[in-house]
Amino acid sequence: MSEPPVALHRLSEQIPGDPFGETLGIRHEISSEGHVVSRLELRPEHRNPFGVGHGSVVFALADTGMGRALASALPGDARCATLSATIQFVEPVHGNRLVAESRLVHLGEKIAAIRCEVFSGDRTPCAVADATFYISTPGGTP
């Protein structure tokens, strides 16, 4: 088995922890550079008053997963921040698990585009998110 790209090691070794995602219970797994699978076991506090997964939890899962997907493809000193994000909710979140697949669509010098598909535990599509991220490097031009 070949060694994974350096950027994949970097994701877990050099990117600061994500207290917000950890509070929600989000776990990220790198499939390949620019592709991250994020998982969340739904707890009672993740649900809306109707008992389905809350849209803000779905959005948080997608946004953090897209950020991690981009981070896995950036050079060691680069940082990223969400510029804009949209989400289309296509089905209510039933069940106890969410899985989000985030893929890098475009990586430019300063701007990146990411797409994320979110599924319930039985692989029913729940949402599709698209985002653009700003990329910066220390000492670089804004």
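I'd like to know if the stretch 74-94 contains one or more residues that are under 14 Å from V36 (Cα atoms), in contact (Cβ under 8 Å) with a residue 12 or more places away in the chain and aliphatic (A, V, I, L, M). For the stretch 74-94, residues under 14 Å from V36 (Cα atoms), in contact (Cβ under 8 Å) with a residue 12 or more places away in the chain and aliphatic (A, V, I, L, M): present.
Scanning the stretch 57-99 for residues that are outside any helix (DSSP H, G or I), among the hydrophobic types (A, V, I, L, M, F, W, C), under 21 Å from I111 (Cα atoms) and modelled with pLDDT of 95 or more gives L83, A85, I87.
I'm trying to understand the selection: among the residues of the stretch 72-82, which are loosely packed, with under 13 Cβ neighbours inside 10 Å and either charged (D, E, K, R) or touching a Phe, Trp or Tyr at 6+ places or on another chain (Cβ under 9 Å) (or both)? Full working, then the answer.
Of the residues in the stretch 72-82, the ones loosely packed, with under 13 Cβ neighbours inside 10 Å are 75-77, 81.
D77, A81, listed by residue number.
Is it the case that some residue within the stretch 66-82 is closer than 22 Å to R47 by Cβ, within 14 Å of the chain's Cα centre (by Cα) and not charged (D, E, K, R)? Checking the stretch 66-82: not a single residue is closer than 22 Å to R47 by Cβ, within 14 Å of the chain's Cα centre (by Cα) and not charged (D, E, K, R). With respect to (1) part of a loop (DSSP other than H, G, I, E, B); (2) within 12 Å of the chain's Cα centre (by Cα); (3) of a type in the set (D, E, K, R), the lone exception for R115 is condition (1).
Would you be able to say whether some residue in the stretch 55-73 is under 21 Å from T23 (Cβ atoms) and without any contact (Cβ under 8 Å) to a residue 24 or more places away in the chain? Yes: one or more hits. Looking only at residues in the stretch 32-54 that are without any contact (Cβ under 8 Å) to a residue 24 or more places away in the chain and either among the basic types (K, R) or part of a strand (DSSP E or B) (or both), the one that is surrounded by the fewest Cβ atoms within 10 Å (Cβ to Cβ) is R43.
The values are calculated or read from the model by the stated rules, or taken from the named source; none is laboratory data. Just so it is clear, the model here is predicted, and its values are computed rather than measured. Glycine gets a Cβ as well: all are built from the backbone with ideal geometry, and neighbour counts include every protein chain shown.
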